[in-house]
Amino acid sequence: MTPPTLGNTTPGRELKRRFLWLGLAMSLGLVMLSIQLYRLQITRGDEYAAKSVANFVKEVRLRADRGVIKDARGTILVDSRPSFDAFITPAFCTDCFEQVIPRLAELLQWDADQRKKVEDTVRMGRRNAPFQPVPVRVDLTRDEYDRLAARRDILDGVEVAPVPHRFYRTNTVLSHVLGYMNEITQEELERLNADGGRYALGDYIGRRGLERYFEQRLRGQDGVRKEVVNARGQTIEELNVKLGDNAVVPPVAGSNLVLSIDMRLQEEAERAFPGATGAVVAIDVNTGFIKALVSRPGFDPNLLTGRVTPAQMALLSRDPLEPMVNRVAAEHYSPGSTFKVVTQLAAYKSGSFRPETMVSCPGGYRLGARTWRCHKDSGHGLMDGYNAMKTSCDTWFYKVADTIGLDPIGEMGKALGLGAPTGINVVAEVPGIMPTSAYHDKASPGGYTKGMALNSAIGQGDNNVTPLQLALVYAAIANGGTLYKPQMVQRLENLDGQVIEEFKPEVVRRVDIPRAHRDAVVEGLVKVAQEPGGTAYRARMAGISDKSMKVAAKTGTAQVARLGTVRLKTHQMSYFERDHAWFAGFAPADKPELAIVVLNEHGGHGGSDAAPTAMAVIQKYFDLKKQDATAPPPRPNQPYTPSVSRRAPSADEAALTRGVLPPAQLPGDEEDDTRATAD
Amino acid sequence: MQLRIERRMVPHIPWGLIICVLAVCLLGIWNLASASRPPLAPVWSSQALYLGLGMVAVLVVCLVDYRWIQRMALPIYAANILALIALRFFGHTAKGAESWFIIGPFRLQPAEFMKIGVVLMLAKVYHDDFRPNEPSYGLMRLWKPVLVFGVPFVLVLVQPDLGTALMIGLTSLTVILFGKVRWYLVATLVAGVLAGAIIIWNDYIREVPEPRPTIVRHHLKKHQSQRISGWLDPEADLRGSGYHAAQSKIAVGSGGVSGKGWREGTQTGLRFLPEQHTDFIFSVWAEEHGFVMCVLLLLLYGAIFIFGLGVGFNARDRFGAFVAVGVVAMLFWQVFENIGMVIGLLPVTGITLPLMSYGGSSMMSVMLSVGLLVNISMRRHMF
C-alpha cells in the first residue's frame, strides 16, 4: 500500500464547508415537503377528507315498485312480474368483443344489427361507467336462461339477474288504454330531470295511455342505499357500518290506479264484437265514466315493453289495419245515421219542425238539379219525426237541412261536444269535424252550398266523429243535456288501498235541450229498437232477455267509398271500401244508465253487424248489476286471468284473414242503407 | 482484504445513523402491514425478511475495508454496466419496461445496484483526480465524471425507466456540484432549470388558444406528456393520467392532523391507489397517521441524511467523503422525489421510498449504501 499523500487522503477544509451547504440544502428540501404536507393535511384537510368519503360511498338506487292498474272491482290488470335479464358488466368482461359477445349472439340468436347494438352499448359503458351492468337482453325465456346458465364458464362478465318487468295481464285487450313502457331516450331524460324528475339512463317510462298519463303517480319515489365500495367498484359489506343510520332511504311505491272499467263487461264486449277492426265504448250516462272500451285490432303491450324486434316493430307500424291507433278516440269516422239525433234536435229547436211534421219520401230528395237518394229506393211514403228516426228515412232529414241550413245543425253538434276534443286526456284523441258554413267557406273549393248541409244532416260529407264523442252525445241526450267529461280512472290508491285521490264526475257543459224535444227524439230511438220494422229491433229482441226494458238506439251504415251508378253488394267491394256499421244508444230508455256506441269498421250494416254487440253488452251490464246487488263484493287484488273465448286476432292473423272475413249477416234483417250521392 | 472488525473501530460505529435507519425500517414494516391488510398478501413478512437480509448485507459491507471496495470500484461499475446491457437480451418485461432479471423466485432490478456502482465510481474518479492547486472543475475536466454517469443513465433511460435514470442523473449532479465546478457551469445549470420551467409553463400552463405553440411537448411520448399534465392538474383527467396524483393527494389530505388510525385508512383499505405498497407507500402513512407523524418521518429521514453527511464530513479520505455524499444524495433525491410526487409537488415517476416501500432490490441497495456509510465511519482513523 502506497503511503497516502496529504492531498487526496484528508478532505480539505473547503470540502467540509461544502458538507454544511449540502446539509442545509437537504434540510431545505425536507422543509419544502413539510410545507406542502401542511397545506394538504391541515389547510385543506377537511376538503380532502370529504373527497375521500365521496370516493368510497356509492349510492345504489332502490327502485320503487310501480303502481298496479286495477279494474273497477279491484282485479289487477297490470302489475310487475319477475323476469330474468342478461347483463354485461364491461369491467369484468374480458375478451368481450372476441369471445363473449359472439358466444352470446350464438346462444340468444342475435342478428347482426342486434349484435352491433350490444357491442356499441358495451363499448360506451366501458368508457363511461365500466362497473355499471349494461342490459343486453331483457326478459329471457326459460330456454335462453338455461342455455346461458349452462355456459356460465365461458361468459365472463355476463350475469343474469331478476328484474321486475311490467306484466299486462289482459294481453291485447285494453292495450290502447293501458299503454306500454319502454326505455327512456336521452332527450326525455334531460327534459324530465330538468323538471325535477329522477330518471336514469336505461329506465323505463310509460308510453301511451294510462302508463304515460299517470307516469309520475305510478312511478313512486326511488330510495337510496349507500354502500362502501373499493376502487374496483366492489361492495365491501363489512365496512357498511361506517355509514351510520341514514345509509338507507327506503323507496315509496307508486300509487295504484283503479279504473271505472269493469273487466267482466269488457270481456263481454270483446267477445261480442265481431269485427276485425272497430271500436266499442260504453259509458255511464250520469257520470261520464267509461265502463268498457274496445279498440280493435290492439297490440300486445308485453311485447312492446319487452324485447320487440325491429322486424316486429315494422310489422306493427306498417300494418294497414293500424293496430297502434286507438279507434275510440284517436280516429274519426263518418257517423252515418247515428248523427240524425243531432239533426232532429236542431230541427225541433229551430221551430220549423215538430215531431208530427210530415214529409213525403219518394225515395229521394230533389235539390236544384240533383237528387239525394234515400237508402230505400222505393221510398218510405209519408213520415213523421218518430218514424223517420225508426226507419232512418233520409228524406225527412234532407228536408230539415234544406229548410234550416247547416249552421243550426252544426251548432247543436258542437254544443253536444262534436268537433272538439272531449278532454279525456288519458288517451290521445282527435277533435273530429263538425262542419258549419264557415268551415265549408274555408275548407271547400267554391265555399258552402246547400248540398253540404244535406250530406251533413245524415252524418256524411265532412261530418266526422270519434266513437267516444258519439257516446257522449247519446249520454247527454239520455240524461237530459249534461255533457260529461269522459273518464276512466275512478281513484288513486296507495299500497294499503287507502284513497289518495278520487276523481269526481266533471261536467263540460249543460246543453239547453227542451224536455219535449229530448223526449220526442228518445221516443223515435225507442221505436228503432222496440218496434217491429225498427233497424235494431231484431238485434234487441235476440240480445236482451228482459222484454220490459226499453232500449233507445240508432243504427247507422256509413258509406266509405263514393257510390257508382250501380250499387255493389258487400262481397263485391274490397275491404277498405266497405261501409262502417254503427250502433249508438242507451238503456233503459225511461231511466237511462248506460250509453253505448259500437263501430264495426268496414263491417257492413249497423243493424246486423253492430247492434248485436251493443245488445250483448247491455244485457251483460244489467245481469252484472243484478248479480252484484245480491252477491258479496269480490276480494280485491286478484290477478286477472283472461276468460275471453274469442281471442282477438293478432296482427298477423288479421293481415292474413282480412280479405275473406265473412259478413256476419243475420238473414232477413231489414237494413237501413244510408246512402248519400254527392254527384 | 480484511474481513474483521477491530476493537478501535467500535467507538466510531455511527449508532445514530443505524438507529434512525432501523426505526424507519420498522415503521415501514408496520406501515406495510396496514397497506397489505387482508385480503391482500401479507407482504410485510417478506419485507421483514428483506430487512434481515439487508442487515446481513450491512454487516458484510462493514467487514470489508472500503479501500478494497475503492480498488474494486471499476470492476463493480463495469459488472453493473454489463448487467444493464444483458438486460436488453435476457430481461423480463413488466409494466412496459425491461427492468428485471428473473432468478428463481426473485426478481432483480439491476438499475437499483447501478446507482451504487455509479456513486462508487464517481467517488473513485474524484479521489484519483484530485489536484490541490486546481480545486474547481472546468468543462474539459468534467469528461470523466460525465462519462461515468452518462453511460448507465442512457442504458437505464432506454429500458425505459425514467425514474431511476432521473435518480442516477440527480445523484451524480449533486456529487459533481459537490466536487466543485466553475461558476459558468453553475450559471448554465441555473439557466437550464429556468428554461425548463419556462418550457413547461409555455407547453402546459399558459392559457393560449389551440393549437398551442409547443416547444417540447410534441416530442414527448403520450404517457410522458400525460405525466406532466397530470402532475400540474391531476383533477383534469381523474380516470386517466391524473388518477394516481389525485387519489394520492386525497389520501394524504384526508389524513389531517392525526390520521385515520392504523389499518383504518379508506383510500388504502379500498385500494384506490394501485402501487400503494411500493411507490405510493407514503400516502398510506400520511392517511393513517396524519401530519404530525409525517413530519416525524421526515425528521427521521433528515437525521439519516445529516448523520450520513456527518460520516462524510469526518471521513478519512476524499473517496470516503465522496461516497458518503453520493449515497446521501441518492437517498435524499429518492425521498424527495417520492414524497414530492405523493403529495403533488412533483410529477409521478416510478421511484420507491427508501426503507419504506416494499421491494427486495430497493431494500438491498439502500442497505448496501448504509453499509458503506457505516464502513466509512468505522474506518475514519485507520491508516
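Residues that are under 30 Å from A:Q460 (Cα atoms) and modelled with pLDDT under 80: list the helices (runs of 4 or more DSSP H) wholly contained in segment A:590-679 that include at least 2 such residues.
Correct list: A:651-657.
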Considering only segment A:163-194, how many residues are within 23 Å of A:P642 (Cα to Cα) and outside any loop (DSSP other than H, G, I, E, B)? 11
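Taking the condition part of a helix (DSSP H, G or I) and within 12 Å of chain A (Cβ to nearest Cβ), does B:A315 pass? I'd like the intermediate steps shown before the answer.
Numbers: part of a helix (DSSP H, G or I): no; within 12 Å of chain A (Cβ to nearest Cβ): yes.
In short, no.
Just checking: which of the helices (runs of 4 or more DSSP H) contained wholly in segment A:340-459 hold 2 or more residues that are in contact with a Ser or Thr (Cβ under 6 Å, 6 or more places away or on another chain) and without any contact (Cβ under 8 Å) to a residue 60 or more places away in the chain?
Working: elements: A:340-350, A:385-391, A:394-404, A:406-415, A:437-443, A:450-457.
In segment A:340-459, A:394-404, A:406-415 are the helices (runs of 4 or more DSSP H) which contain 2 or more residues that are in contact with a Ser or Thr (Cβ under 6 Å, 6 or more places away or on another chain) and without any contact (Cβ under 8 Å) to a residue 60 or more places away in the chain.
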Please state which one of B:L122, B:L157 is free of Cβ contacts under 8 Å to residues at least 12 places away in the same chain, surrounded by 13 or more Cβ atoms within 10 Å (Cβ to Cβ) and under 30 Å from B:R71 (Cβ atoms). B:L157
Checking the condition closer than 25 Å to A:V60 by Cα, assigned to a loop (DSSP other than H, G, I, E, B), away from chain B (no Cβ under 14 Å) and at pLDDT below 80, which residue from A:G197, A:G233 passes? A:G197
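Residue by residue, here is whether (1) in the same structural domain as A:Y365 (by TED's automatic domain parsing); (2) in a strand (DSSP E or B); (3) modelled with pLDDT of 90 or more holds:
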residue	(1), (2), (3)
A:G461	yes, no, no
A:L468	yes, no, yes
A:A471	yes, no, yes
A:L483	yes, yes, yes
A:G497	yes, no, no
A:K504	yes, no, yes
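Here is a list: B:G371, B:G308. Which entry is within 10 Å of chain A (Cβ to nearest Cβ) and part of a helix (DSSP H, G or I)?
Numbers: B:G371 fails: within 10 Å of chain A (Cβ to nearest Cβ).
Of B:G371, B:G308, the one residue that is within 10 Å of chain A (Cβ to nearest Cβ) and part of a helix (DSSP H, G or I) is B:G308.
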Give A:L148, A:L174 a once-over and let me know the one that is among the aliphatic types (A, V, I, L, M) and within 26 Å of A:A64 (Cβ to Cβ). A:L174
For residues that are crowded, with 24+ Cβ neighbours inside 10 Å and assigned to a helix (DSSP H, G or I), tally how many sit in segment B:354-364. 1
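Count, please, the residues in segment B:10-50 that happen to be farther than 21 Å from B:S369 by Cα and assigned to a helix (DSSP H, G or I). Walk me through it before giving the result.
Here is the first cut: in segment B:10-50, the ones farther than 21 Å from B:S369 by Cα are B:30-45.
From the residues that got through so far, the ones that are assigned to a helix (DSSP H, G or I) too are B:30-35, B:43-45.
Count: 9.
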Return yes or no: is A:T277 among the β-branched types (V, I, T), at pLDDT below 90 and within 19 Å of A:T555 (Cβ to Cβ)? yes
Identify, please: which residue in segment B:180-225 is assigned to a loop (DSSP other than H, G, I, E, B) and touching a residue at least 12 places away in the same chain (Cβ under 8 Å) and is, among those, farthest from A:L15 (Cα to Cα)? B:T214
Could you say whether any residue in segment B:181-199 is crowded, with 17+ Cβ neighbours inside 10 Å, over 23 Å from B:V348 (Cβ atoms) and within 14 Å of chain A (Cβ to nearest Cβ)? yes
Would you be able to tell me the number of residues in segment A:421-443 that are within 12 Å of A:H332 (Cβ to Cβ) and either among the aliphatic types (A, V, I, L, M) or not assigned by TED's automatic domain parsing to the domain that holds A:N464 (or both)? 3
Single unsatisfied condition, A:L192 versus (1) at pLDDT 85 or above; (2) surrounded by 18 or more Cβ atoms within 10 Å (Cβ to Cβ); (3) of a type in the set (A, V, I, L, M, F, W, C): (2)
Among (1) surrounded by 15 or more Cβ atoms within 10 Å (Cβ to Cβ); (2) within 9 Å of chain A (Cβ to nearest Cβ), the one test that B:G230 misses: (2)
So B:L170 fits all but one of (1) outside any loop (DSSP other than H, G, I, E, B); (2) without any contact (Cβ under 8 Å) to a residue 40 or more places away in the chain; what number is the exception? (2)
Taking the condition of being among the β-branched types (V, I, T) and within 14 Å of chain B (Cβ to nearest Cβ), how many residues in segment A:34-93 meet it? 5
Hey, B:I351 more than 8 Å from chain A (Cβ to nearest Cβ), in contact (Cβ under 8 Å) with a residue 60 or more places away in the chain and not in a helix (DSSP H, G or I) or not: yes
Considering A:A112, A:A91, A:A86, which residue is touching a residue at least 40 places away in the same chain (Cβ under 8 Å) and over 15 Å from A:R137 (Cβ atoms)? A:A91
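For segment B:253-282, how many residues meet the condition of being outside any loop (DSSP other than H, G, I, E, B) and either more than 8 Å from chain A (Cβ to nearest Cβ) or under 14 Å from B:A35 (Cβ atoms) (or both)? Even if it seems obvious, please write down each step before you answer.
First, the residues of segment B:253-282 that are outside any loop (DSSP other than H, G, I, E, B): B:253-254, B:266-269, B:281-282.
With the extra rule that they be either more than 8 Å from chain A (Cβ to nearest Cβ) or under 14 Å from B:A35 (Cβ atoms) (or both), the set shrinks to B:266-269, B:281-282.
Residues that pass the stated criteria total 6.
The values are calculated or read from the model by the stated rules, or taken from the named source; none is laboratory data. Predicted model, so just to flag it, every value in this text is computed and none were measured. So basically every Cβ, Gly included, is an ideal-geometry build from the backbone, and we count neighbours across all protein chains shown.
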